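What follows is calculated from the coordinates using simple rules that are stated; it is not laboratory data. It should be emphasised that the depicted structure is a prediction, and the values quoted were computed from it without experimental measurement. Cβ atoms come from the backbone with ideal geometry, glycine included; neighbour counts cover every protein chain shown.
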Amino acid sequence: MSACDNASDTASDNASGNAAHASGDADSSSGDTDNASDYDASSDDASESYSGSKYDNAPKKTTETVGGRPKGSTDAAAKDLEMRVEEATKEVVKNLKKRKQEIRSNKKRLRYGLLDEIIVSSKKKYCIPDDVIISKECVRQRVKRNSNGSHAGQMSPMIEIEPYLIELITKLANMRTPITTSQGLELANSLISGTSTEEQLITWKKKNCAAFRVNGNVRLGKGYWQAFMKRNKHLIRSKKTVKFDDKRAQWCTYDNMVDMYTEVYKDLCTAGLACEHDEPVWRNSEGEVVDSEEKAFGLKSKYELIHPDMLIFVDELGCNTNQKQDGDNEKYLCPKSGRPQQRAATKDSHFTVLGFTAADGNPLMCAIIFAAKSLREEWVMGFDPFTEWIGDENNTDENCGEGKMYPFGPACTFKGKTIPCFCCCSENGSITGHLLTNMLRFIDAREVFDRSTGLSPFLLLNGHGS
């Protein structure tokens, strides 16, 4: 990966260096100002005690607020300057190529100093300071190799995937469920697993990675992640987490709910599943516009969901086969001196049920997660002791299905297609990212959603860490 990730351009390096130098000078001057301010504040008593003495001519304490830059603005300014220098360099290369083609037909040579004039003109257009240098040698080399990009080495196949990876990392951080660097690397590997990008990566590694030719490891490693963080340091970075008190009663305020719903609505509009109108209106439970609050269902909204069948909700519910603590308020008959007793299972067997449901109210799929290290076939098949066996003892197929001895889990019919119950297991019976991925692949394998329309299904999850 070093051939790709360590490639650089002279102009970009100069821009970054000059911007970093300017940033360092600014930091030093800001630090000096802060120190002076601290000194004045701590010398209040001393200046008052020496009033009327030879110290009267000493500088007086100032109460003016010392200005400063917003936190992070230096990095943003450096990145912006680097991008402007690169754009200016590209324009210089383009103009120089054009002028060369013009004089080539006339069999003449370039006028002395023409390149300097083109550079000055481009720097003025992109507001680049005079102390930032655009290397003439860099421009000549790009013209020579007929390239107008700063990347001289091999391009990583992951470049096209990285914006989506950054968006996922940002979304998770905003949901207060950030991931670690190792989880980020695992996420990157899962995004390309079984795709054409993974095939491109293998081809790239065969050509550029000596370690791959030895161990044949297809997965992205630490080297890629370090290069990824370096390329996108202006967008994401790794920091220590700040713990916050997870008090739902304090968090669930009206303003927070409005912010949460607004963000979801904006994402739905971006996905093409909803649209935003100019003015908010009342709507009834059928989604029809009404003229009064009495006829309305919910609050006024300017957003309209136009593809509810593409919006999917899912939530989990933990359960246990132990019925000993099950509440039952119904009364039963028994002798006056007795107490009614019922048979109940007392063995703990934990499991989690997830129901995937579309926004139009139709169930999509039921998923069951058993608390176990491995999944047993009889759990998937189920058993109904109150039904009769059909045929001989080996006739298993005739006894599988709804209303039979082996009923399996509940199947759902969605858009004319039957989606069987998805059964899996984890050690504690709870959902994991790997299991959720497998569930979504299970749905996609049935081709439930028509992707030819250009719309993709939108899955809305809760903000729990699981």
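Tabulated results
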item	result
21 Å Cα-Cα threshold exceeded, pairs from LYS94/LYS123; LYS266/LYS295; LYS171/LYS415	LYS266/LYS295; LYS171/LYS415
Sites SER374 and VAL281, calculated FRET efficiency, Cβ-Cβ separation with R0 51 Å, nearest 0.05	0.40
Computed E for ALA445/TYR112 - FRET, C-beta separation, R0 60 angstrom, nearest 0.05	0.30
In region 239-330, GluC sites (Glu not before Pro) in a DSSP loop with at most 15 other beta-carbon atoms within 10 Å	GLU286, GLU288, GLU293, GLU294, GLU330
Of LYS207/LYS230; LYS136/LYS222; LYS324/LYS417; LYS124/LYS144; LYS108/LYS144, pairs whose Cα-Cα distance is over 30 Å	LYS136/LYS222; LYS324/LYS417
Segments 113-124, 377-388 sorted - mean Cβ within 10 Å per residue, highest first	113-124, 377-388
Size of charge dipole - region 227-348 - debye, nearest 20, with Cβ of Lys, Arg +1 and Asp, Glu -1, no other charges	1320 debye
For region 334-466: rounded, prolate or oblate by the Cα gyration tensor [a/c cutoff 1.5]	prolate
Gain in span if fully extended, LYS302 to GLU137, counting 0.36 nm per residue against the direct Cα distance	53.8 nm
Stretchable slack from ASP80 to LYS295, in nm (0.36 nm times residue separation minus alpha-carbon distance)	72.1 nm
Computed E for LEU168/LYS94 - FRET, C-beta separation, R0 45 angstrom, nearest 0.05	0.80
Inter-site label distance for LEU455 and ASN217 at 7 Å from Cα along Cβ, in nm	4.4 nm
Of MET257, LEU273, GLY298, farthest towards positive along the dipole that unit charges on Lys, Arg, Asp, Glu beta carbons give region 248-306	MET257
Alpha-carbon centroid distance for the pair region 289-306 / region 94-147, whole angstrom	61 Å
Potential extension, MET381-LYS415 segment - 0.36 nm per residue separation minus Cα distance	9.7 nm
Relative contact order %, region 157-231, counting alpha carbon pairs below 8 Å whose residues are six or more apart	31 percent
Cα gyration tensor shape of region 129-276, rounded if a/c is under 1.5, else prolate or oblate by comparing a/b with b/c	prolate
Cα Rg, Dmax (largest Cα-Cα span) when computed across region 157-231, Å	13.0, 41
